[in-house]
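Let me begin by presenting the structure, written as structure tokens, before commenting on it.
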There are 4 protein chains.
Amino acid sequence: MSAPRDPRTADLGRLVVRCPDRPGIVAALSGLMAQVGANITESQQHSSDPSGGTFTLRLEFVLADLAGRRAELEAALAGLAGEWQLTWRLTEAAHTPRLAVFVSRTDHVLQELLYRVGSGDLRAEIAAVVSNHPDLEPVARAHGVPFHHVPVTPDTKDAAEARALELIGDVDLVVLARYMQIVSPDFCSRFPERLINIHHSFLPAFVGANPYQAAHDRGVKLIGATAHYVTAELDAGPIIEQEVARVDHRATVDDMRRIGRYVERQVLAQAVTWHVEDRVVVEGDRTIVFG
Amino acid sequence: MSAPRDPRTADLGRLVVRCPDRPGIVAALSGLMAQVGANITESQQHSSDPSGGTFTLRLEFVLADLAGRRAELEAALAGLAGEWQLTWRLTEAAHTPRLAVFVSRTDHVLQELLYRVGSGDLRAEIAAVVSNHPDLEPVARAHGVPFHHVPVTPDTKDAAEARALELIGDVDLVVLARYMQIVSPDFCSRFPERLINIHHSFLPAFVGANPYQAAHDRGVKLIGATAHYVTAELDAGPIIEQEVARVDHRATVDDMRRIGRYVERQVLAQAVTWHVEDRVVVEGDRTIVFG
Amino acid sequence: MSAPRDPRTADLGRLVVRCPDRPGIVAALSGLMAQVGANITESQQHSSDPSGGTFTLRLEFVLADLAGRRAELEAALAGLAGEWQLTWRLTEAAHTPRLAVFVSRTDHVLQELLYRVGSGDLRAEIAAVVSNHPDLEPVARAHGVPFHHVPVTPDTKDAAEARALELIGDVDLVVLARYMQIVSPDFCSRFPERLINIHHSFLPAFVGANPYQAAHDRGVKLIGATAHYVTAELDAGPIIEQEVARVDHRATVDDMRRIGRYVERQVLAQAVTWHVEDRVVVEGDRTIVFG
Amino acid sequence: MSAPRDPRTADLGRLVVRCPDRPGIVAALSGLMAQVGANITESQQHSSDPSGGTFTLRLEFVLADLAGRRAELEAALAGLAGEWQLTWRLTEAAHTPRLAVFVSRTDHVLQELLYRVGSGDLRAEIAAVVSNHPDLEPVARAHGVPFHHVPVTPDTKDAAEARALELIGDVDLVVLARYMQIVSPDFCSRFPERLINIHHSFLPAFVGANPYQAAHDRGVKLIGATAHYVTAELDAGPIIEQEVARVDHRATVDDMRRIGRYVERQVLAQAVTWHVEDRVVVEGDRTIVFG
């Protein structure tokens, strides 16, 4: 990457390690990090069960010449892997993750992602915007982001997904930002734990389409939104973040939709930010979020 | 009532009027109130639809010698009733509503109601506590409230409900404060819009029993509680109030239960307070809350 | 205005009336509205003190051919004005208020206002953006909004304000959207109750400059923002809206600033929205907000 | 202690360690814990500055026969203390901390502490309630807690504090639960980082007496409460927790006081809970809260 060296991310690494929980694992890992000379700046851990559960550790650390010494660090981890049954993910913060954002006609979530990327609050690059409608092309273009209009009909769904995959190329994360199409299980399987959706309700209440109408009919006093990883089972993937907003009897369905937009953009942007900072770990049907 | 005259409630009245929405209704009602000399101190209104919907008005007012002039005020309302198809509820704030509280073994909601009655924040009298377990008798007794232990088995449910009804006598509101029994449709029908339940989840998510376990399994990031009027259809009555609390991946089911208790007590106490202040109006499956 | 007729605002009026509180005032005003044939769709009222205080009423209503019949409605109000000592503000919702937005270098609040205007959530026109720095010109231009760079130095402040006033022309509201200059008392006096500022702290904590540093040093657990009308006394004008966000010991001053931006944009956008919908009434040092 | 062994706390230890931040410290400490055979169940750390700041680590761990092996663990820590300049606090969760609660006339915070102790949510013993008024004696007595009435006048303050100290005896924490007296610097100095106050405002706004009146006059839209350690400088000690509640223009000073009570009890109870679980570490004027 020829981008100027950013002092906030240079030599900053992130390591997420998982293994069966056994006494001594922290000592082994922190010993390894001390040995290579890494200075740990943030550390969070979780055990699903101290007796026989899974241990998860997330470290942020500074290591001089991280890029040059990455192989060495990985070799050291590999040396522990057998004994402790480790799996790990090692990321250099200087690497900017590439996102593809799928939208339909509403722009509020896309606008929020663009704003946060622009402000530096979300350290990612939006590599492409894909939509089944042409409406948001100007929004993407105004931010210098390639826009691909890929219409979808029931008959062309497979071809459309194939076309979209071709267009977005190699990306780290796909974000469904109020994309009003159900993606196929095959599409999901290409982005395991790398496909995030915003569902415009407080899951598992009001799964499916038109949750604001359903929420209004049920007379709820809070409306919500849920960001979750997408799995083959619709609306059932691991939840990353949820938030709610208060409504009262005066709120029409349109009011709920309007209020909901601000919840949706906040929840999805938060989930994406945590994801790209390697703060989210999937554990079965749930997530660990080292927020 | 021989209680000392409370300057906060003496001569304070509350009027809730409903009728088809037509231009002039506010003028007609406020004209009536001006004519009898009532001084309106709070006024809220809602129209389900300005064209052909239902209009609801809630007034708080001060009228000198309200008790003595109640008949006159009702006669004036009756005079308008035909022309405007009015229904109304007129309450004297000096009347302290009588509550029966049904509990099982957990005391947090009962304790909260007792505290709020004691502090004057909830202007009501807890006339009786009924439980299918004996555990909370000391709690009720310590506050000078009669406690009735009415065991329930599947075979004795009808008799138990009949016994409970006899014991509580004439009450204005029945509160199910974590009462772990499903009350019968017949019981419900005796307290139309006067039977409030706290459901320990964010309805309509996790209807039924053990919602905290279900919420944990689903990996939600917010847990909630819902206070609602009880109707014959389980967990489906009109919602009065909801609230949530944040949980993270560390929370066990027990932690959620513990955190949930504080949400439950807050939500139910708020709903009961609004109810006894005539701030809740049922409109179909929903509620209008003039909070 | 030659804009197409918007069915959401056509013939929709807003009336805010203030007068000494006396029994009968609601009857008089609602009688007047009924007489002219206005259909009241929203009504809120407040009395600073039912005995001798000030009564405030806000109505939304639909009146066929409102623009044509405005004079008639005002004449009717004038007819009541003497007897009841009324003052009033009558607005046609079809009139789009013109805003001038003053900024310095940070764009988050401006972006939010532009987004909300674009989405229709804020029914206003941003007539001009004024800044003492040139940085945000592209942001304004991208939305088709005139941008005026008016540098300010201690020596040129008066001239700069005069120049800005000339450039913005006739506007309904001036919004200081993180404008890092103190405006003069003379400037304030030109926009009584029409000049809104966002203060990046929870007033009255941390008045003055650099509140995030001060909040960090004090170790607060919540940071906030305050939108208020600007008066001659710095940071002391009537508060319209406040909100907070949680921070913990890990938050640096920069983190607080970053988190604070999202609070600031929300609080200011909410305050401006309420203002342009005539929902805010100044009463002494405080505001009534009919939210 | 002859109390029955509680499986939730038996052999559960808590260790808070502080030292200058240097690479290797986590390895050294986790190595030590692994060596003695402790199973770490919760671990949180914070560095005030990775280069030359102070490192703080909080561990929860299970160690078989913790009470019997405490000396061994302390010896091992002492062995590291010189090299790393460690200070530490080691607590056995089975030890129930003793609290003295100082109150005046209002009972809401005391009630909340009593409820939480009774429910087991707050694992502490209220050893004594001290008050400058006799009013709350029945509340304490109903929970079997000794109550001491110690009147205070300007002239008798020193003697009164001495008397109170004598009466409460040896306690782990003193809680000022809306105690309407300013305690002396001498009293403060006896409980360094062990004296918690609830201030009924959002500090540093509205320091001093009658903050609700001040908040009302200023027209704030949120009222708050702050729990903090008490130092010799009034209202300036390190903040542990803060929370706010929304109010609107209708709220009188009395309403704010009423709403505020629920915020106060929540904030103080949370702060006390974190304190007794060794989750709060004072760092200069601020606190680290491992919540």
Report task. Using every pair of alpha-carbon atoms in region C:1-155, split the distances into 10 Å bins beginning at 0 and state the percent of pairs per bin, rounded to integers. Result -> 9, 30, 22, 21, 15, 3
Query raised in the report: Can you give the mean number of other chain Cβ atoms that lie within 10 Å of the Cβ atoms in peptide B:27-40?
Result: 5
**Report entry** Ranked by how many other beta carbons lie within 10 Å on average, peptides C:39-48, D:48-57 from highest
**Finding:** C:39-48, D:48-57
Query - Residue-normalised accessible area of region B:7-92, given per residue in Å² at a 1.4 Å probe - result: 41 Å²
Query raised in the report: In nm, one decimal, shortest first: how far is the label point of D:Thr41 (7 Å from Cα along Cα to beta carbon) from the matching points in the other copies?
Result: 3.4, 5.3, 5.9
Query raised in the report: Taking Cα atoms, how many degrees apart are the long axis of helix A:253-276 and the longest axis of chain A, rounded to 10 and kept between 0 and 90?
Result: 20 degrees
Query raised in the report: Counting only heavy atoms of protein chains, what accessible area per residue, in Å², does region B:156-291 have with a probe of 1.4 Å?
Result: 36 Å²
Query raised in the report: Across the residues of C:283-290, average count of Cβ atoms on other protein chains within 10 Å?
Result: 3
Report summary line: Expressed to two decimals, region B:7-92 has a Cα Rg over Rh, using the Kirkwood radius, of 0.97
Query raised in the report: Which order do peptides B:171-177, B:129-135 fall in by mean Cβ count within 10 Å, highest first?
Result: B:171-177, B:129-135
Query raised in the report: In nm, what does the list of distances from B:Arg141 to its counterparts in the other copies look like, shortest first, when each label sits 7 Å along Cα to Cβ?
Result: 1.7, 8.1, 8.3
**Report entry** Summed side-chain charge close to B:Asp172 - residues other than B:Asp172 whose Cβ falls under 15 Å, Lys, Arg +1, Asp, Glu -1
**Finding:** +1
Report task. Mind grabbing the interface size between B and A? I mean buried accessible area, both sides, 1.4 Å probe, in Å² to the nearest hundred. Result -> 2800 Å²
Query - Magnitude of the charge dipole, the protein assembly as shown, Cβ model with Lys/Arg +1 and Asp/Glu -1, debye to 20 - result: 0 debye
Query raised in the report: For the protein assembly as shown, what number of Lys pairs, 8 or more residues apart or on separate chains, have alpha-carbon atoms under 30 Å from each other?
Result: 6
Query raised in the report: In chain A, carbon and sulfur make up what percent of the accessible area (probe 1.4 Å)?
Result: 52 percent
Query raised in the report: Across the residues of D:159-165, average count of Cβ atoms on other protein chains within 10 Å?
Result: 0
Query raised in the report: How big, on average over all directions, is the shadow cast by the Cα convex hull of the protein assembly as shown, in nm²?
Result: 50.0 nm²
Requested in this report: Please work out which residue of chain C brings its Cβ closest to the axis of the rotation superposing C onto A, and round that distance to whole Å.
Outcome: C:Ala142, 3
Report task. Identify, among B:Ile223, B:Pro192, B:Leu173, the residue whose Cα sits farthest towards the positive end of the charge dipole of region B:98-289, taking +1 on the Cβ of Lys and Arg and -1 on the Cβ of Asp and Glu, with the dipole about the Cα centre. Result -> B:Ile223
**Report entry** Unit Cα scatterers, Debye sum, region B:126-241: log10 I(q)/I(0) for q = 0.17, 0.18, 0.23 Å⁻¹
**Finding:** -0.92, -1.01, -1.34
Query raised in the report: Where the Cα atoms of chain D are projected onto their three principal axes, how long is each span, largest first, in whole Å?
Result: 60, 45, 36
Query raised in the report: When you count, for each residue, the other Cβ atoms within 10 Å and take the mean per peptide, how do C:222-233, B:141-152 rank with the highest first?
Result: C:222-233, B:141-152
Query raised in the report: What net charge is computed for the residues neighbouring A:Arg14, neighbours being all others with C-beta under 10 Å from the C-beta of A:Arg14, Lys and Arg scored +1, Asp and Glu -1?
Result: -2
Report summary line: If every Lys and Arg gets +1 and every Asp and Glu gets -1 at its Cβ, then about the Cα centre region B:19-137 yields a dipole, in debye to the nearest 20, of 160 debye
Query raised in the report: Hey, what number do you get for the protein assembly as shown at 222 nm if only DSSP H runs of n ≥ 4 count, each worth -39500 (n - 2.57), divided across all residues, to the nearest 500?
Result: -10500 deg cm²/dmol
Report task. Once the label point is placed 7 Å from Cα along Cβ, list for D:Glu166 the distances to the corresponding points in the other copies, in nm, shortest first. Result -> 6.0, 8.1, 9.3
Report summary line: extent check for region B:206-273: Cα max minus min per principal axis, descending, whole Å, gives 35, 24, 15
Query raised in the report: Counting Lys and Arg as +1 and Asp and Glu as -1, each charge on the Cβ, what is the dipole of region A:128-174 about the Cα centre in debye, to the nearest 20?
Result: 140 debye
Query - Relative contact order of region D:98-289, defined on C-alpha pairs under 8 angstrom at six or more residues apart (%) - result: 19 percent
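The values are calculated or read from the model by the stated rules, or taken from the named source; none is laboratory data. Bear in mind the structure is a predicted one, so any value in this text is a computation, not a measurement. Cβ: placed from backbone, ideal geometry, glycine included. Neighbour counts: every protein chain shown. These area figures cover heavy atoms from the full protein model, side chains too; ligands, DNA and RNA do not enter into them. Shrake-Rupley method; radii C 1.70, N 1.55, O 1.52, S 1.80 Å.
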